[in-house]
Every structure is written in structure tokens, then in C-alpha cells.
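Novice: Below is one structure. I have some questions about it.
The values are calculated or read from the model by the stated rules, or taken from the named source; none is laboratory data. Fair warning: this is a prediction, and the values are worked out from it, not measured in the lab. Positions of Cβ are backbone-derived with ideal geometry, glycine not excepted, and every protein chain shown enters the neighbour counts. Surface accessibility is based on the protein's heavy atoms, side chains included, excluding ligands, DNA and RNA. Shrake-Rupley method; radii C 1.70, N 1.55, O 1.52, S 1.80 Å.
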Amino acid sequence: KYKTNDSGIFEGISNIKEISALIRDLFKIITNNLKPEEAEVFKSLKSIYDSPEAISGILTKELQLIHWPMGGIYSTSDTLEYDEELPNFLGGDPIKGKGKIMIDSVNAQAGLCYMANTLNISESDSKKVITDMLSKVTGALKFASAAEKEKKMAEMQTFFDKMSLDISDRNVFVYDYINGWPINIKSSRNVTMNSVEGKVEQTESTEIEQIR
């Protein structure tokens, strides 16, 4: 169950407390069957689901895409810029980004408008995610001696200092602006991680289309 306001803006899951409790119980069952060292690593994953906002963002992505443009006033000649926050896949504070939305074109005869939305995370938050990643990795390691710890920590610090992270979104909406309902939505998120060992790139795509 979810709710919107009178303008169609997504406001959240109505039964979020029940879902949160269910997820906590599932994590408890899983961690009880893991080895201690595995359970420690699993705690990082669990922290992603600690907030209702994070749970809502993960479970209702498609619903939020449908309702995302609703309730706004858009110009055919201007680009709207805004601040956005993404769920942190390591847990903790959200990742901040800068978004843009613009009307690409309007087909008045068909009653359709074509909208494009882009989002890029800020450089400072990109660095913060990498720093948090280093802290989580080093916090889970065991060392035989202080000398080994100092050596390994220096190596890992050098490795993470040369790492970069980029997250970029692109969404394209085709809306029936007379009835206020989506005809087609294409969404993609590209995550690129660069390090001394090379580049790792992942693209996640979603398409929602009205069936007539």
C-alpha cells in the first residue's frame, strides 16, 4: 500500500512499519545462521534498510518513477535544477546529487509531452562514500601485529586514495498531459568505479510502458 497527495506526488508506503519489522526479522534469521565473521560483513548490508526512506526507495522504485513528475509546473524553455538525495548502499547518510529536468518537446495534437531528467552525485559525496568504504573494510580486518596493521592500512589507504566513484541517472518520460498519466518511462543508472586495478561499470535499466 502506498499514498499520494491530491496532485499525485508519491508520499510513501502506508504500512512501512510492518515491512520494516519483517525485514528486521529476516535479517535476524539470516545472521543467526552465519559464521561470526560473515555476520559482521552482513551488518553493513542490514544498515541500508535501517531507515523507512531507504526501504521505500528500494521497494517502490517503479511506483516513484510513475509519480515523480506529478505535481510540478514545468516550462518548455527552461531547465529546472534541484538537489537530490540517493540511498547510501553502505548505509549512513544519503548521497547528495544535482539533478536537472527539462521538457524536450510537446506534441499538442497527440496530447503528449516528452521530459528528460538527469542526475549526478556530487564530487564531495563521492569521496565520502569511498572513505566510508575504506573504514568498513579496514574495520572488519584482523591483524597479527601492529607492524602488519600499519603496513596493510598504508597500502589500503593508497589504493582507496586513487579510487573514484561516479553515479549518473537518466530518465525519459512520455506523458499524456491531458489525463496526467505516463505512456512510457525509460530509466537508467550508471555506476562507474575506477581504481588502480581498472574500471568496473554497471548499468541498471528500467522501462515502464502503458499497455493499450
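Novice: According to the square roots a ≥ b ≥ c of the eigenvalues of the Cα gyration tensor, what is the shape class of region 120-203, taking rounded for a/c under 1.5, prolate for a/b larger than b/c otherwise, and oblate for the remainder?
Specialist: Cα axes put region 120-203 in the prolate bin.
Novice: Hey, another quick one. Under the Karplus relation 6.51 cos²θ - 1.76 cosθ + 1.60, θ = phi - 60°, what is the ordered set of whole-Hz ³J(HN,Hα) values for region 9-24, x standing for Gly and Pro?
Specialist: After applying 6.51 cos²θ - 1.76 cosθ + 1.60, I find 6, 5, 10, x, 7, 5, 9, 4, 5, 5, 5, 4, 5, 5, 5, 4 Hz.
Novice: Provide the per-residue ³J(HN,Hα) series for region 177-192, in order, calculated from phi with Karplus coefficients 6.51, -1.76, 1.60 and θ = phi - 60°, each as a whole number of Hz, with x at glycine and proline positions.
Specialist: Calculated HN-Hα couplings, in order: 6, 6, 9, x, 10, x, 9, 7, 9, 10, 10, 9, 10, 10, 10, 10 Hz.
Novice: Give, in nm to one decimal, the length gained when the segment between residue 17 and residue 170 is fully stretched (0.36 nm per residue of separation minus the Cα-Cα distance).
Specialist: 52.0 nm
Novice: Also, quick follow-up: Each label point is 7 Å from the Cα along the Cα-to-Cβ direction; what then is the distance between the points at residue 199 and residue 82, in nm?
Specialist: Here the answer is 3.1 nm between the modelled labels.
Novice: Any idea what the relative contact order of the chain is, in percent, if you count C-alpha pairs under 8 Å spaced at least 6 apart?
Specialist: 14 percent
Novice: Same structure again: Please build a GNM for the chain, connecting alpha carbons under 10 Å apart, and tell me which residue among 16, 167, 30 fluctuates the most.
Specialist: Greatest mean-square fluctuation among the candidates belongs to 30.
Novice: Angle check, please: helix 36-47 long axis (alpha carbons) against the longest principal axis of the chain (alpha carbons), in degrees 0 to 90, nearest 10.
Specialist: Roughly 30 degrees, rounded to the nearest 10.
Novice: If you stretched the chain out fully between residue 186 and residue 153, how much longer would it get, using 0.36 nm times the residue separation minus the C-alpha to C-alpha distance?
Specialist: 7.6 nm
Novice: Ignoring ligands, DNA and RNA, please state the percent of accessible area on the chain from carbon and sulfur, probe 1.4 Å.
Specialist: Ligands and nucleic acids excluded, carbon and sulfur give 53 percent.
Novice: Hey, another quick one. In deg cm²/dmol and to the nearest 500, what is the mean residue ellipticity at 222 nm of the chain if only DSSP H runs of at least 4 residues count, each as -39500 (n - 2.57), divided by the residue total?
Specialist: Mean residue ellipticity at 222 nm (helix-derived): -11500 deg cm²/dmol.
Novice: Find the accessible area per residue for the chain; the probe is 1.4 Å, ligands and nucleic acids are left out, and the unit is Å².
Specialist: With all protein chains present, the chain gives 65 Å² per residue.
Novice: Kindly express, to the nearest 10 degrees and within the range 0 to 90, the angle between helix 123-139's C-alpha long axis and the longest C-alpha principal axis of the chain.
Specialist: Approximately 40 degrees, to the nearest 10.
Novice: Which residue, chosen from 88, 76, 114, occupies the Cα position most advanced towards the positive end of the dipole of the chain, where the dipole is computed from +1 (Lys, Arg) and -1 (Asp, Glu) charges on Cβ about the Cα centre?
Specialist: The residue sitting most towards the positive pole is 88.
Novice: How much length, in nm to one decimal, is gained on full extension between residue 178 and residue 107, taken as 0.36 nm per residue of separation minus their Cα-Cα distance?
Specialist: Contour length minus the Cα-Cα distance gives 24.4 nm.
Novice: Could you please report the charge total around residue 106, scoring K, R as +1 and D, E as -1 over all other residues with beta-carbon less than 15 angstrom from its beta-carbon?
Specialist: With Lys, Arg at +1 and Asp, Glu at -1, the net is -3.
Novice: Now a separate question. If I take R0 = 22 Å and measure r between the Cβ atoms of residue 25 and residue 58 in this structure, what FRET efficiency does the formula 1/(1 + (r/R0)^6) give, to the nearest 0.05?
Specialist: With R0 = 22 Å, the Cβ-Cβ based efficiency is 0.80.
Novice: Round to the nearest 0.05 the FRET efficiency obtained for residue 137 and residue 3 when R0 = 30 Å and r is the Cβ-Cβ distance.
Specialist: 0.15
Novice: Going out from 0 in 5 Å bins, what whole percent of all Cα-Cα distances in the chain drops into each bin?
Specialist: The calculated distribution, bin by bin, is 1, 6, 11, 14, 16, 14, 13, 9, 7, 4, 3, 1, 1, 0, 0.
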